[in-house]
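The values are calculated or read from the model by the stated rules, or taken from the named source; none is laboratory data. Everything numeric here is computed off the predicted structure, so don't read it as measured data. Don't worry about glycine lacking a Cβ; one is built from the backbone with ideal geometry, like all the others, and counts go over all protein chains shown. Side chains are part of the model used for accessible areas, which takes the heavy atoms of the whole protein and leaves out ligands, DNA and RNA. Shrake-Rupley method; radii C 1.70, N 1.55, O 1.52, S 1.80 Å.
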Amino acid sequence: MSMEARQDLAEPGRTIVLRDGTAVRLRAIGPDDGVGLIALFERLSEQTIYQRFFAARRTLPPAWVHAFTHVDYRRRLAIVAELDDATGRRLIGVARYDVTDTAEAAEVALVVEDAWQGFGLGTILLHGIMRAGEARGIRRFRLDVLSENRRMLRLLARETEIVSRTTSHGVTEALVQGRR
């Protein structure tokens, strides 16, 4: 599928400006983003990796890289945030959803490179992936968040309508929908 066709199926590529004035491009992920995704993972702190994957990991397994970059843009979609720097384009954040057994619900996950946390990118990615899902008929989104990840839980409380929230074994499952 061409990049243009991918963009038509996903959130259109667009440039946003972070709180510090940095211009960042948002676009749909593609099969050619594997190297960038691995590089992003390698720049994440141990804490960020643990909060995203619920386990300490030293590498992103090749099968995961393939699954994360090969999406159908309808039932599985990811949006990346990238910026241009001296080395070229660099991925600094990713938000994704995967439709669950209930066609109107999807599981959401996101990660932002540590150096870019606190600039509003997580909020932008969360809204972007939810808008893209809503455009495809998804009405509710489930996020599993480590209960100690207060930053993410505050983001959800501030930026979404929490329909239900349960905590078990240190993981908070939040069922949310966007705020209109």
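List of remarks:
- Residue identified as within 26 Å of residue 14 (Cβ to Cβ), free of Cβ contacts under 8 Å to residues at least 12 places away in the same chain and either open to solvent by 20 Å² or more (accessible area, probe 1.4 Å) or assigned to a helix (DSSP H, G or I) (or both) among 115, 67, 132: 67
- Any chance residue 174 is in a strand (DSSP E or B), more than 16 Å from residue 79 (Cβ to Cβ) and under 18 Å from the mean Cα position of the chain (by Cα): yes
- The range 135-150, residues that are surrounded by 14 or more Cβ atoms within 10 Å (Cβ to Cβ) and either aromatic (Phe, Trp, Tyr) or not in a loop (DSSP other than H, G, I, E, B) (or both): 140, 141, 142, 143, 145, 146
- Members of the range 50-60 that are outside any helix (DSSP H, G or I) and within 22 Å of residue 143 (Cα to Cα): 54, 55, 56, 57, 60
- Going through (1) assigned to a strand (DSSP E or B); (2) open to solvent by 10 Å² or more (accessible area, probe 1.4 Å) one by one, residue 72 falls short only on (1).
- Residue-level analysis places residue 57 outside the set of residues that are among the basic types (Lys, Arg), open to solvent by 20 Å² or more (accessible area, probe 1.4 Å) and over 21 Å from residue 152 (Cα atoms).
- Applying a threshold of 7 Å to beta carbon distances and a minimum spacing of six or more residues, or different chains, the list of pairs starting in the range 29-58 at a residue that is at negative phi and at pLDDT 95 or above and ending at one that is of a type outside the set (Val, Ile, Thr) and in a helix (DSSP H, G or I) reads 30/3; 30/6; 37/68; 44/114; 45/114; 48/114.
Matching residues to (1) modelled with pLDDT of 95 or more; (2) over 18 Å from residue 45 (Cβ atoms); (3) in contact with a strand residue (DSSP E or B) (Cβ under 6 Å, 6 or more places away or on another chain):
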| position | (1), (2), (3) |
| --- | --- |
| 96 | yes, yes, yes |
| 104 | no, yes, no |
| 109 | yes, no, yes |
| 117 | yes, no, no |
| 122 | yes, no, yes |
| 129 | yes, yes, yes |
| 137 | no, yes, no |
| 140 | no, yes, yes |
| 143 | yes, yes, yes |
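- Inside the range 152-180, residues that are within 20 Å of residue 47 (Cα to Cα), charged (D, E, K, R) and surrounded by 12 or more Cβ atoms within 10 Å (Cβ to Cβ) make up a count of 1.
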